[in-house]
Amino acid sequence: MYRHFKSSMKFLGDLELDERDVMPLFLERSITPKELFITLMETYAKRAGKPRWGEKSPPHFFHLDELLSWFPKAKVIYLSRDGRDVIPSIQKTPWGSDKSFWYLARMWKLSIRTLRKALERWPDQILLVRFEDLVSAPESECRRMMDFLGEKFEGSQLDPSIGSDAIRPYEESWKKKATVAPDRSRAMAWKTTMDKETLDRMNFALNPELAEQGYPDARVGVGRLRILGFRSSRFTDAVLRKFRKWVRDLRGLVTRTRH
């Protein structure tokens, strides 16, 4: 428990809280990670003058089992974006610039698979919102989210002239667009910024989840696999052989099924 506490204390500065604000309240509760988390969130909400708090650390989505056992009535909003825009965006951030393309592709695919299972298990507690829809029709999507949360939509939520202190100075380099009006051009930005070779590489790495999510132009031709940046021609040839065998086996299975 001490390890959890010391780890959480590192983030007090992000919340503009002091250990002296948190410790007295925490010690009145059961000494558990759950109660520490609640103490931090409730203290932060009180400081901001808000009656309800929310938390938006993306990795927490991989721990829904535990979080929804802590908060059985919680509502979860999952914001999904085309992986071909997600990867370049993350690589521009200070905390993502050292992540490899293949690592980020695996994480995007894992998040989509986790989302699929979560929607099957908690269909009434999870709302899927597409980034592309949010920037194209911000008011209707915000209204949908507010309805889901049981909150009232306010037009001021979309007014960029109203400032916000939710973004800390050190976050401005990658979150500054959150304080301006939604930009439609950010939806499917890869269409105007990505060359064919990079697109094929993305499609190969992000499928089948990319196609399953209904994103357009998600196919990659077998003949283009050689340009996808594999380490060696031997490895590329092995991938091609396995892929072609898989296609033959699949065709044979379909033929047998029809007959």
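Side notes on the structure shown:
- Test result for Thr39, of a type in the set (S, T, N, Q), without any contact (Cβ under 8 Å) to a residue 24 or more places away in the chain and more than 24 Å from Glu212 (Cα to Cα): yes
- Complete set of residues in the range 122-133 that are closer than 27 Å to Pro72 by Cα and either small (Gly, Ala, Ser) or in contact (Cβ under 8 Å) with a residue 24 or more places away in the chain (or both): Trp122, Gln125, Ile126, Leu127, Leu128, Val129, Arg130, Phe131
- Restricted to the range 200-236, and to residues there that are at pLDDT 55 or above and among the aromatic types (Phe, Trp, Tyr), the residue that is farthest from Phe131 (Cα to Cα) is Phe204.
- Among the numbered conditions (1) buried (at least 19 other Cβ atoms within 10 Å of the Cβ); (2) closer than 30 Å to Gly163 by Cβ; (3) charged (D, E, K, R), the only one that Arg186 does not meet is (1).
- Given (1) polar (S, T, N, Q); (2) touching a residue at least 12 places away in the same chain (Cβ under 8 Å); (3) assigned to a helix (DSSP H, G or I), number of the condition Thr192 does not satisfy: (2)
- Screening Asp124 with (1) modelled with pLDDT of 90 or more; (2) surrounded by 13 or more Cβ atoms within 10 Å (Cβ to Cβ) gives one miss only, at (2).
- Close Cβ contacts (under 7 Å, 6 or more residues apart or on different chains) running from residues in the range 12-24 that are over 20 Å from Gly54 (Cβ atoms) to residues that are not in a loop (DSSP other than H, G, I, E, B) comprise Glu19/Met9.
- Restricting the range 92-113 to residues that are in contact (Cβ under 8 Å) with a residue 24 or more places away in the chain and surrounded by 15 or more Cβ atoms within 10 Å (Cβ to Cβ), the residue that is nearest to Asn203 (Cα to Cα) is Ala105.
- Among the residues of the range 147-174, those identified as among the acidic types (Asp, Glu) and either at pLDDT 75 or above or outside the structural domain of Val135 (by TED's automatic domain parsing) (or both) are Asp147, Glu151, Glu154, Asp159, Glu171, Glu172.
The values are calculated or read from the model by the stated rules, or taken from the named source; none is laboratory data. The structure displayed is predicted, hence computed values, not measured ones. Positions of Cβ are generated from backbone atoms using ideal geometry, with glycine treated the same way; all protein chains shown enter the neighbour counts.
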